[in-house]
1. Per DSSP H run of n ≥ 4, the term is -39500 (n - 2.57); total these for the chain, divide by its residue number, and report the mean residue ellipticity at 222 nm rounded to 500 deg cm²/dmol.
2. Please report the antiparallel percentage of the DSSP beta bridges confined to the chain, to the nearest 5.
3. For the chain, restrict the atom set to alpha-carbon positions and state the Rg and Dmax in Å.
4. Per 0.36 nm of contour for each residue apart, how much would the distance between ASP272 and LEU48 grow if the chain were fully extended, relative to their Cα-Cα spacing?
5. Considering the chain, which cysteines have no disulfide-compatible partner, defined as another cysteine with its Cβ under 4.7 Å away?
6. With unit charges on the beta carbons (Lys and Arg positive, Asp and Glu negative) and the dipole taken about the Cα centre of the range 98-247, which residue among SER107, PRO229, LEU199 sits farthest to the positive side?
7. Report the charge-dipole magnitude of the range 81-158 in Debye, nearest 20, computed about the Cα centre from +1 at each Lys and Arg Cβ and -1 at each Asp and Glu Cβ.
8. Which whole-angstrom value gives the distance between the alpha carbon centres of the range 374-419 and the range 270-332?
Amino acid sequence: MMESSKKTLTLDYAARNVNPAAFSTMVKPAGSLCNLDCHYCYYLDKSLQYDGKQPLMSPELLERFTRQYIEANEVPVVTFLWHGGEPLMQGVDFYRKALELQNRYSSGKKIENVLQTNGTLLNEEWCKFFAKNNFLIGISIDGPKDIHDTFRLNKAGKPSFDKVMNGIDLLKRYKVEFNTLSVVNKLSEKRGSEVYQFLKNIGSHYMQFLPAVEHVVEIPGRKRAVIVPPEHEGAHIATWSVSANGYGEFLNDIFDIWVRNDVGQYFVQIFDSTLAQYCGIQPGLCSMNETCGEALIVEHNGDVYPCDHFVYPEYKLGNISEMSLREIYLGQKRFDFGMDKRSTLPSECMNCEYFTLCRGECPKHRFEPVSSGEGKKNILCEGFKLFFKHTEPYMKYMRDLLASGKPAFNVIPWARTNF
């Protein structure tokens, strides 16, 4: 019965495929090209798939992508997410052209722009441009200087923290809205509250905490280990990877501060997404959806992949110069990839009390064998269980507040009393 249910098309996923098309793309205008050489960047090595070359997206391809992406989304608001590598490597004129094309092909739709950057290349010209055109900027910063500078180095092996902080100061000076993305690595363990307070102090009100768990191989002549899929010959877990319990405790330490002081003022993506699961609405975090494949990757040359973590030749869906982005999105290969997130879960996960919260999390982390020998589960499973168990009473209290028409921040006095 369980095996049968795993293969059943969910109502939610079926609805997405009959309702008006609405999907996002993470476009890589500079591919994996970056001025930094972060130890745990899984995207830097994508240049190996393009013969070591890192060409920039051409104006012609930018126009083709812009037109196809807007046309394919049958919704009133279309969001462009510029990513990398380092998207600022393209130069500001590229994005001026992008805005011109967005205006040309908008057809009455509202266009929004989000750009993820390491922050080291920000200057006054960039910040004036972002402020004028209402870009939302994501800044990659892992926490205090010693955590950040251990792994986020430039090509010469020099630290990047001071330049990132200078970039953040410029964003604040020009009143550019920004949020933060922090990679949780081995050094982050037992420092959750410190990292959280640091991010609050620099002005971040919207935070993402992404666990770094990757497999690597060492290649002679390369100072940086190459990140590879777990099944790659000779692969082993990188020493900077966060442990399962370390990640769970990291989140719990932050949650304990947040739930007693900051609900409604500071927003942590995984907290919001977990509460959404309790409320029965879309979590907003793809790893917590039952299926995936709704956030396509468009590379510098027009190649399309179903996920940022699965940019490998076997997962390529097509190229926008050969078929339209809409055709690629509606194609069977993308659909099957999305369904696999659910259908490949072992029964141990499907029967877990927290399944409706984590949904198996991201498939990229599923490489821990289960005792039954039936497939593999998430390597961070025990950490997520720590988090879900610890936060359950507070999440249910906030769910009930929202159901009665009251704001979630009313949990604060209750949390302080019942902590």
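1. That comes out to -11500 deg cm²/dmol.
2. On the way: 14 of 42 bridges.
Approximately 35 percent, going by the DSSP bridge assignments.
3. That works out to 21.2, 62 Å for Rg and Dmax.
4. Stretched fully, the ASP272-LEU48 segment lengthens by 77.0 nm.
5. Cysteines lacking a close Cβ partner in the chain: CYS34, CYS127, CYS279, CYS286, CYS292, CYS307, CYS349, CYS352, CYS358, CYS362, CYS381.
6. SER107
7. It works out to roughly 260 debye.
8. A separation of 27 Å, based on Cα centres.
The values are calculated or read from the model by the stated rules, or taken from the named source; none is laboratory data. What you are looking at is a predicted structure, and each value in this text was computed from that prediction instead of being measured. Backbone-built Cβ (ideal geometry, glycine too); neighbour counts: all protein chains shown. To get the accessible areas, we keep the full protein, side chains included, count just its heavy atoms, and leave off ligands, DNA and RNA. Shrake-Rupley method; radii C 1.70, N 1.55, O 1.52, S 1.80 Å.
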